[in-house]
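Here the structure is laid out as structure tokens; the discussion comes afterwards.
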Amino acid sequence: MLLHLPMEPKQGKPEWLGPGAILSRMSDEEVRTAVEKAIDNVPYAKGINNHMGSKITGDERIMAVILDVCRERGLLFVDSKTNYRSVTAQISEKKGMPNLYNDIFLDDVHSSRHIAGQLRKVQEFLDKKGQCVAIGHVGINGKLTAATLKQSLPEFQAKGVKFIGISELAYEGPSVGPGRGVTLP
């Protein structure tokens, strides 16, 4: 389970993110406090993932604070890759943390047809790269994602795909054993 932390996007109103969002106008201490509070509210999370956040993941100062808190708490950070100029990979490397990022959003459009199409893209990605980090959501909208994924499982299994958690990928590296692997946080 990942904590889906709201972060300021490049476009849109920060107020849309709700309470607890990480904003570019925050001081280092405010960022740290907000991240720690969010983690305390989801004590079983294995890591943090940005919700939106295209502005924040491009901000070295703020991402350094977020990643420091993750490291101190023993948590992963998975970059949704909402910003192609994200600095998360470079900072993670400097801090000796795994560099994890989203390859494919499964349910960025809420329809079973779209999710099934995204799962086909996962398969294509696996054919090229051998592993894939795919992000899907939980909650009310997650029911459709889970149902569509469940329908697709036999096809993936027939092709030797192994589903693993993101922490297994982070700590055991890209080699996920026989077959190809897809991770779902």
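Every read-out reported here was derived from the displayed coordinates using simple, explicitly stated rules and does not represent laboratory data. Bear in mind that the values here come from a model prediction, so they are computed numbers and not experimental data. Cβ sites come from the backbone with ideal geometry, for glycine too, and all protein chains shown count toward neighbours.
Brief remarks follow.
- Sorted ascending by nearby beta carbons within 10 Å, beginning with the fewest, Tyr84, Tyr101 become Tyr84, Tyr101.
- Potential lengthening between Ile164 and Arg73 on full extension [0.36 nm per residue; Cα-Cα distance subtracted]: 30.5 nm
- Length gained when the stretch Glu36-Glu15 is fully extended (0.36 nm per residue, less Cα-Cα span): 5.5 nm
- Rounded to whole numbers, the Karplus 3J(HN,Hα) couplings from phi for the stretch 113-126 are 4, 5, 4, 4, x, 5, 5, 5, 5, 4, 4, 4, 4, 4 Hz, using 6.51 cos²θ - 1.76 cosθ + 1.60 with θ = phi - 60°, and x at Gly and Pro.
- Residues of type aspartates and glutamates that Lys46 reaches as a straight line, Cα spacing below 18 Å, ignoring anything fewer than 8 places off in the same chain: Glu36, Asp68, Glu72, Asp79, Glu168, Glu172
- Evaluated at q = 0.13, 0.17, 0.22, 0.23 Å⁻¹, a Debye calculation over the C-alpha positions of the stretch 47-141 (equal weights, vacuum) places log10 I(q)/I(0) at -0.50, -0.80, -1.10, -1.15.
- Residues of the stretch 33-77 with amide N under 11 Å of the 7 Å Cα→Cβ point at Arg85: 55, 58-59
- For Val133, the amide hydrogen comes within under 5 Å of the amide hydrogens of Asp103, Ile104, Thr183, counting only partners 5 or more places away or on other chains and with H modelled in the peptide plane.
- Listed residue pairs exceeding 32 Å between alpha carbons, taken from Lys55/Lys95; Lys37/Lys81; Lys81/Lys162; Lys37/Lys94; Lys13/Lys162; Lys10/Lys143: Lys13/Lys162
- Neighbour counting of Cβ atoms within 10 Å sorts the residues Thr57, Thr33, fewest neighbours leading, into Thr33, Thr57.
- Among Ile39, Met63, Asn49 - extreme Cα towards positive end, dipole of the stretch 1-65, charges at beta-carbon: Asn49
- Stokes-Einstein D for the chain, Kirkwood Rh over Cα pairs, 4 °C, 1.567 mPa s (µm²/s): 76 µm²/s
- Placing dummy labels 7 Å off each Cα toward the beta-carbon, the span from Tyr44 to Ala147 is 2.4 nm.
- Sites Arg25 and Glu93, calculated FRET efficiency, Cβ-Cβ separation with R0 30 Å, nearest 0.05: 0.65
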